[in-house]
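Have a look at the structure below before the remarks.
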Amino acid sequence: MAEHLTRLELDEWLAGLDASGRAERHVAACPACGMLAERMRQSRESSLREPRATAVLARLEEKRARSAKPRWSWGVPLAAALAVGLALVVYVPRGAEDGVRLKGTVALRLLSEQGAPVLDAKPGERVTLAVGTGPYRNVLVLAVDEAGAVDRLWPQEGATSGTVDPGAEVKLAPPLEVTPGSVALHAFFSDAPLDAEQASAALTSSIAEAREKGRGALDVATPGDIGKAQARTLLRVVP
């Protein structure tokens, strides 16, 4: 099996921009990438239902109308374009080893001890938080369990977020031990330190609002008014 697809490659495939069919063939043969693609698809659909998506779509359409030479084919439905450009990100050169990166994007995921992406784990397994920092250097990661309790995952001490080095995938020490019960992880990114209690209170409030509407704590979107950018992932803990 070839190495796993990047999130950019999966984004392009989900948006219908994989003209070669390589990503589709890989996803069909790779359970790990297939599960990640499904999570990304669900997250995208959830994002498109957010009220702010309408405004973003309008800005994308306005940008298309002004551009004489669009950067991608606007024959693709706007919803597909949104999948690869909700924040109007642009491609910029990086190194020859990995082609391009997305400027301004952030990411959050869990890695196994072998460095593979983790979506499902068993109690007792050890995992490592990894973030894509984008242009930001302050990160705070909170966890929400199935009962709606909010806990700090990183940094584990102090009243504010922690400072990280720039990178597409920065591992946050120390590793964590998986305990029973699935959890949703929420990461907040900013230029300046973030108040951990304020972020926790905002997330707790979002959980309470979701429950009033009959939604579970693990389905709550990351509050968009904390920090400059946010990312979210779900860890399903199986017996």
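The values are calculated or read from the model by the stated rules, or taken from the named source; none is laboratory data. All values derive from a computational prediction rather than experimental measurement. Neighbour counts are summed over all protein chains in view; Cβ atoms, including those assigned to glycine, are modelled from backbone coordinates with ideal geometry. These area figures cover heavy atoms from the full protein model, side chains too; ligands, DNA and RNA do not enter into them. Shrake-Rupley method; radii C 1.70, N 1.55, O 1.52, S 1.80 Å.
Some observations on this one:
- Of all residues in the stretch 142-171 being among the polar types (S, T, N, Q) and part of a strand (DSSP E or B), the one that is most open to solvent (accessible area, probe 1.4 Å): Thr163
- Checked against (1) under 16 Å from Gln230 (Cβ atoms); (2) open to solvent by 40 Å² or more (accessible area, probe 1.4 Å); (3) among the hydroxyl-bearing types (Ser, Thr, Tyr), Ser206 meets all criteria but (2).
- Set side by side, the residues Pro174, Pro239, Pro193 differ, and just one is modelled with pLDDT of 95 or more and surrounded by fewer than 17 Cβ atoms within 10 Å (Cβ to Cβ), which is Pro193.
- With respect to the stated conditions, Ala65 is in a helix (DSSP H, G or I) and either farther than 21 Å from Ala229 by Cβ or modelled with pLDDT under 75 (or both).
- Residue count for the stretch 14-29, restricted to those that are touching a helix residue (DSSP H, G or I) at 6+ places or on another chain (Cβ under 7 Å) and without any contact (Cβ under 8 Å) to a residue 40 or more places away in the chain: 5
- Selection of first residues in the stretch 149-164 that are closer than 16 Å to Ile207 by Cβ and of second residues that are open to solvent by 40 Å² or more (accessible area, probe 1.4 Å), restricted to Cβ pairs under 6 Å at least 6 apart or on distinct chains, gives the following pairs, ordered by first then second residue: Val150/Thr204.
- The numbered conditions (1) assigned to a strand (DSSP E or B); (2) under 21 Å from Ser112 (Cα atoms); (3) touching a residue at least 40 places away in the same chain (Cβ under 8 Å) are all true for Pro239 except (1).
- Tally, over the stretch 165-176, of residues that are farther than 21 Å from Leu119 by Cβ and touching a residue at least 40 places away in the same chain (Cβ under 8 Å): 1
- Among residues of the stretch 222-235, those that are buried (at least 18 other Cβ atoms within 10 Å of the Cβ) and either small (Gly, Ala, Ser) or modelled with pLDDT under 90 (or both), counted: 3
- All of Thr179, Thr222 fail the test of being over 16 Å from Ala130 (Cα atoms) and either free of Cβ contacts under 8 Å to residues at least 40 places away in the same chain or in a helix (DSSP H, G or I) (or both), apart from Thr222.
- For the stretch 8-23, a tally of residues being in contact with an Asp or Glu (Cβ under 6 Å, 6 or more places away or on another chain) and either surrounded by fewer than 17 Cβ atoms within 10 Å (Cβ to Cβ) or within 23 Å of Arg236 (Cα to Cα) (or both) returns 0.
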